Amino acid sequence: MALHVRGVLLPDDEVRDLWLVGDRVTFEPVHGAETVVDGGFVLPGLTDAHCHIGIARGGAPITSLDQARELARVDRDAGVLAIRDAGSPYPYPELDDEPDLPRLARAGRHVAPPKRYLRDIGVEVGAGEVAATVAEQAGAGNGWVKLVGDWIDRGIGDLAPAWDEETMTAAVEAAHAAGARAAVHTFSESAVEIMVRAGVDSVEHGTGLSLDLIDLMARQGTALVPTMINIRTFGGIADQARAKFPGYADHMLALRDRFPEVVRSAYEAGVPIYVGTDAGGGIDHGLAAEEMLLLHEQAGLAPVDVLAAASWRAREWLGFPGLVEGGLADLTVYPEDPRRDLRIVRTPARIILRGHILR
Ligand SMILES: [Zn+2]
């Protein structure tokens with residue numbers, strides 16, 4: 001049975017008709033289709049381009065596929081129909097085509113420096129093993145690898161790059177040679193500089209970006225996934241660290257405070273920005289709408305650009321075509337125009353995933 005949908009397909013303004021046949025979209029009328037949407041504003045679903053469904057609340061790796069399913073469903077029920085998992089300690093390739101779960105773009109495990117990163121989450125390797133490990137983790141994911149570009153170095157009491165420039169550059173090359181795109185976690189100024197110059201595909205967080213690097217990202221087409229929700233937790237991180245590592249604590253607060261300006265500059269320079277919450281561990285799933293509101297309110301993205309960053313453009317970036325001829329049969333419908341008031345994205349009136357009506 002084909003489904004018929006009529007509504008305003010954002011970002012256009014006209015009411016249009018489309019049909020869902022199995023898991024595909026067509027604009028060719030299908031005779032006898034059931035009309036399941038008549039009115040409202042239609043998106044190809046939201047995307048969370050940085051979260052972790054392999055990390056349980058509290059930060060430990062999940063231990064079963066069911067836990068991953070449960071976390072992915074929290075996002076799905078908030079209208080997130082595509083996810084990029086930015087590093088999972090627990091492999092779940094079995095879930096890629098599961099009918100009631102969002103589309104999944106997955107990195108393998110985080111590739112991290114020894115004894116510095118979150119416990120039990122990454123594969124921790126010294127400089128000599130980074131490139132080979134990246135190639136291996138490219139095989140564990142389905143198109144992405146995740147590098148931990150920096151973390152606290154307790155010896156120096158501040159953020160520091162995970163490895164030297166040569167190693168990090170070789171890591172990005174190894175990812176590309178293995179057919180994967182590379183995403184890198186960076187908070188500090190020094191690590192993000194090395195990684196952007198090394199040609200990484202997406203900068204995660206990127207609190208240490210300078211205007212020069214932002215220009216370079218715009219020219220290269222390097223993406224930024226700011227995870228503003230995560231950066232708001234830096235105050236708590238600084239409080240916990242202050243007694244032992246006051247320099248680190250001050251650095252984290254300074255990075256936090258300048259971040260809305262960094263994202264605003266990246267937006268104005270034309271850097272491709274995508275919505276990511278960093279859910280998993282310390283941050284709840286289902287908050288894509290809140291990240292969207294932060295990008296608008298704190299970093300000044302226009303609502304239509306926030307919608308692009310969370311929806312059609314993000315899906316295109318991840319390889320999940322949206323509401324185009326032959327695209328995938330995912331959509332969310334809102335009763336009001338989210339360009340007028342973004343808050344409506346918190347409450348999708350209808351959710352259709354892989355051609356199935358979920359709400
Ligand atoms: Zn993350």
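In table form, for the structure just shown:
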item	result
Only listed residue being within 16 Å of the ligand (Cβ to nearest atom) and surrounded by fewer than 24 Cβ atoms within 10 Å (Cβ to Cβ), chosen from G39, G59	G59
Residue within the stretch 288-309 that is under 25 Å from H110 (Cα atoms) and surrounded by fewer than 18 Cβ atoms within 10 Å (Cβ to Cβ) present	no
Failed condition for I62, given (1) touching a Leu at 6+ places or on another chain (Cβ under 6 Å); (2) not assigned by the TED database to the domain that holds G326	(1)
Residues of the stretch 74-96 satisfying the condition of being touching a His at 6+ places or on another chain (Cβ under 9 Å), within 20 Å of L331 (Cβ to Cβ) and open to solvent by 10 Å² or more (accessible area, probe 1.4 Å)	V74, A78
Matching residues, the stretch 150-169, being part of a strand (DSSP E or B) and over 19 Å from H110 (Cβ atoms)	D158
Matching residues in the stretch 25-42 - criterion: being within 17 Å of E325 (Cβ to Cβ) and part of a strand (DSSP E or B)	V25, T26, V42
Selection count where residues are aromatic (F, W, Y) and under 26 Å from the mean Cα position of the chain (by Cα), scope the stretch 1-52	1
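The values are calculated or read from the model by the stated rules, or taken from the named source; none is laboratory data. Quantities reported herein were computed from a predicted structural model and do not represent experimental measurements. Glycine also receives a Cβ, built like all others from the backbone with ideal geometry; neighbour counts cover every protein chain displayed. Each accessible area value is taken on the protein alone, full model and side chains, heavy atoms only, with ligands, DNA and RNA left out. Shrake-Rupley method; radii C 1.70, N 1.55, O 1.52, S 1.80 Å.
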